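Before I ask anything, here is the structure I am working with.
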Amino acid sequence: SSERKNLETPGDYATLFDRYESIILRRRESAIKSVGALMHDQPGVLVCMEAESASCHRSRLAKAVSSLAGLPVQHLAFAA
């Protein structure tokens with residue numbers, strides 16, 4: 001998105017994802033609960049193009065699903 005264009009520091013990413021968490025995810029609580037319910041029935045994964053979870057919104061989404069559904073989060077990383 002246009003909001004990601006000039007991100008350079010970990011603080012820049014944190015600010016963007018804090019905003020994502022406080023605005024976008026709060027509006028989608030019902031959908032997040034549904035994802036958690038589905039993951040109780042069958043394992044699932046959240047994927048994105050970002051290699052590092054700290055540089056991606058998926059870490060915040062995973063945290064929200066984990067919090068609402070009581071599920072653990074395991075971040076996977078690829079070895080080069």
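The values are calculated or read from the model by the stated rules, or taken from the named source; none is laboratory data. Predicted, not measured: the structure shown is a model, and the values here were computed from it. Please note: Cβ atoms are built from the backbone with ideal geometry, for glycine as well, and neighbour counts cover all protein chains shown. Heavy atoms of the whole protein, side chains included, go into the accessibility calculation; ligands, DNA and RNA do not. Shrake-Rupley method; radii C 1.70, N 1.55, O 1.52, S 1.80 Å.
List the trypsin sites (Lys or Arg not before Pro) within segment 1-59 that fall in a DSSP loop (any state other than H, G, I, E or B) and whose Cβ has at most 16 other Cβ atoms within 10 Å.
Loop-located and lightly packed - Lys5, Arg28.
Moving to a separate point now. In segment 12-70, carbon and sulfur make up what percent of the accessible area (probe 1.4 Å)?
53
How large is the Rg to Rh ratio of the chain when both quantities use alpha carbon positions and Rh follows Kirkwood?
On the way: Rg = 13.4 Å, Rh = 13.6 Å.
Answer for the chain: 0.98.
Taking the simple approach of a point 7 Å from Cα along Cα-to-Cβ for both Asp12 and Met39, what is their distance in nm?
Roughly 2.9 nm, to one decimal.
Go ahead and estimate [θ] at 222 nm for the chain from helices alone: -39,500 (n - 2.57) per DSSP H run with n ≥ 4, summed, over the residue count, rounded to 500. Display every interim value, and only then the final one.
Working: 3 runs with 35 residues, N = 80.
One gets -13500 deg cm²/dmol as the mean residue ellipticity at 222 nm.
Each label point is 7 Å from the Cα along the Cα-to-Cβ direction; what then is the distance between the points at Ala51 and Ile24, in nm?
Placing both labels 7 Å beyond Cα along the Cβ direction yields 2.2 nm.
Could you work out the relative contact order of the chain? I mean the mean sequence separation of Cα pairs under 8 Å and 6+ apart, divided by the number of residues, in percent.
It rounds to 32 percent for the chain.
Using a probe radius of 1.4 Å on heavy atoms only, what accessible surface per residue do you get for the chain? Whole Å² is fine.
That works out to 78 Å² per residue.
Using DSSP to define loop residues, name the GluC sites (Glu not before Pro) in the chain whose beta-carbon has at most 15 other beta-carbon atoms within 10 Å.
Those satisfying the criteria are Glu8, Glu50, Glu52.
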